[in-house]
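First up is the structure itself, then whatever we jot down about it.
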Amino acid sequence: METNLKQLEPVSESEFREAIIPGKFVRIEYLTDLNEFIKADVLIKEYLKQDGAESIKLATGETIPLDRVVSLDRRLSPNFPGYGNYSCDC
């Protein structure tokens, strides 16, 4: 079985935030509180900013802190430059 590895390059903070569009269906990769790496194709419900903490609410009901998001819509967070090697279209 062959995988199609595509290394993602980190983008600027502003380019990363441009991918946060409520109502858009995206691939999101993030780390849980237990540092589990999760990849999902989901609909962004809303962007939240509360008490200085930013997060993304998904249509599944999950709320993901923005500082735990590794990549969003094929845009690698500038907070996780080393994770580009683990992204693939599997």
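The values are calculated or read from the model by the stated rules, or taken from the named source; none is laboratory data. Keep in mind that this is a model prediction, so the values were computed, not measured. We place every Cβ from the backbone using ideal geometry, glycine too, and count neighbours over all the protein chains shown. Remember, those area values only see protein heavy atoms, side chains included, never the ligands or the DNA or RNA. Shrake-Rupley method; radii C 1.70, N 1.55, O 1.52, S 1.80 Å.
Listed by position, the strands (runs of 3 or more DSSP E) enclosed by the stretch 9-85 that each have at least 2 residues that are open to solvent by 30 Å² or more (accessible area, probe 1.4 Å) are 25-31, 37-50, 53-58, 63-65.
A quick yes/no check of all residues on (1) farther than 15 Å from GLY23 by Cβ; (2) within 11 Å of the chain's Cα centre (by Cα):
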residue	(1), (2)
ASN35	yes, no
LEU43	no, no
GLU46	no, no
LYS49	yes, no
ILE56	no, yes
ALA59	no, no
LEU66	yes, yes
ARG74	yes, yes
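A count restricted to the stretch 12-23 and to residues that are within 11 Å of LEU72 (Cα to Cα) and more than 11 Å from the chain's Cα centre (by Cα) stands at 3.
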